[in-house]
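This report refers to the structure that appears directly beneath it.
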Amino acid sequence: MLVIEDDPDVRDAVGRLLVASGHVVRLSETALGGLHEVTTWQPDVVVLDLGLPDLDGTAVLRRIRATSLVPILVATAREQESEMIRLLRAGADDYVVKPYSAEQIEARIAALLRRGAGRVSAELVVGGLVVDRRARTATLDGTPLSLSRREFDLLAYLAGRAGTVVTRRQLLQDVWPSESHSAETVDVHLTWLRRKLGERAAAPRYLHTVRGVGIRLSPPGEPA
Ligand code: CA
């Protein structure tokens, strides 16, 4: 269970409570640190404070959802209903309004785990390509692909939007968890991914470049 919270008092209190309830807990005080934990450690639940110093909470939510199905409980001080609906639409599973009680957050987490939020459709199938977003593994025609963390994120993101064109800007925004990258970063990773899939840009099977727009992942033989 991962708690992303910049307020040290709240962070420690929630951490202690969850540990006392028998959970394995990691704490992160920044959005970027939290995003790193999500992809490397793969927590069973994320408790996400929306007011973080380094990234907007909604952006963090969208970035987690770009590649992971982990249940997300949002902790917010903003009480407007419109905000909540926006957050739930952006991929949050539930929310608590600050200041929340220990019992409240524990009950919400228990409900998320019981409901098995995030357990559905962890597997994406596109032609002979199978991407398991929970195990973070991928196979092509039954053969496991050896992918770096970022290559996997990229593939999972594209596979989750199979058949639609995704722009470089979208990829940078949703797959790269810091602002300091350029479109070239995307291109380099796409080239690597293409190589791992055993194809060339000139003769694509899955990764189709749409000139001037972006990239589309679709199964071989499907008309452009
Ligand atoms: Ca905060």
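Quickly estimate the mean residue ellipticity at 222 nm for the chain, helices only: each DSSP H run with n ≥ 4 gives -39500 (n - 2.57), and the total goes over all residues, rounded to 500.
It lands at -12000 deg cm²/dmol.
What part of the accessible area of the stretch 123-217, given as a whole %, is carbon or sulfur when the probe is 1.4 angstrom?
Ligands and nucleic acids excluded, carbon and sulfur reach 51 percent.
Take the chain, connect every pair of alpha-carbon atoms lying under 10 Å apart with a spring to form a Gaussian network, then pick out the residue of G214, G15, G142 with the largest mean-square fluctuation.
Among G214, G15, G142, the largest GNM mean-square fluctuation belongs to G142.
Over the chain, average the accessible area per residue using a 1.4 Å probe and give it in Å², no decimals.
Value returned for the chain: 48 Å² of accessible area per residue.
Give me the net charge for the shell around V213: Cβ to Cβ below 15 angstrom, other residues only, Lys and Arg +1, Asp and Glu -1.
Once all neighbours under 15 Å are counted, the net charge is +4.
Positive end of the dipole of the stretch 2-117, charges at C-beta (+1 Lys, Arg; -1 Asp, Glu), about the Cα centre: which of A31, A59, Y100 has its Cα farthest in that direction?
Of A31, A59, Y100, it is A59.
Within the chain, what is the longest stretch that has no GluC sites (Glu not before Pro) placed in a DSSP loop and near at most 11 other beta-carbon atoms within 10 Å?
80-178
How much net charge surrounds A138 when only the other residues with a Cβ under 15 Å from the Cβ of A138 are counted, with Lys and Arg +1 and Asp and Glu -1?
Within the 15 Å Cβ shell, the charges total +3.
Among residues other than D6 whose Cβ falls under 10 Å from its Cβ, what is the net charge (Lys/Arg +1, Asp/Glu -1)?
Charge balance near D6 sits at -4.
Taking all pairs of distinct Cα atoms, average 1/r, flip it, and tell me the Kirkwood hydrodynamic radius of the chain in Å to one decimal place.
Here the Kirkwood hydrodynamic radius works out to 18.5 Å.
For the chain, modelled as a GNM with alpha-carbon contacts under 10 angstrom, which of R194, R149, R63 fluctuates the most?
R149
In whole percent, and with a 1.4 Å probe on the protein chains, what portion of the accessible area of the stretch 1-64 is carbon and sulfur?
Here carbon and sulfur together make up 50 percent of the probe-accessible area.
Relative to the Cα centre, what is the charge dipole magnitude of the chain, using +1 at the beta carbon of each Lys and Arg, -1 at the beta carbon of each Asp and Glu, and rounding to the nearest 20 debye? Could you put the intermediate results ahead of the total?
Details: 29 positive and 29 negative charges, 217 e Å.
Roughly 1040 debye for the chain.
For the charge dipole of the stretch 123-217, defined by +1 on Lys and Arg C-beta atoms and -1 on Asp and Glu C-beta atoms about the Cα centroid, which residue among S180, I215, Y157 has the Cα displaced farthest towards the positive pole?
My answer, from the dipole projection, is I215.
List the residues whose amide H sits under 5 Å from the amide H of V126, counting only those 5 or more places along or on another chain, with H placed 1.01 Å from N in the peptide plane.
Under 5 Å from the amide H of V126 lie the amide H atoms of V131, each far enough along the sequence or on another chain.
The values are calculated or read from the model by the stated rules, or taken from the named source; none is laboratory data. Predicted model, so just to flag it, every value in this text is computed and none were measured. As a convention, Cβ positions derive from the backbone with ideal geometry for all residues, glycine included, and neighbour counts pool all protein chains shown. What goes into the accessible areas is simple: the full protein's heavy atoms, side chains included, and nothing from ligands, DNA or RNA. Shrake-Rupley method; radii C 1.70, N 1.55, O 1.52, S 1.80 Å.
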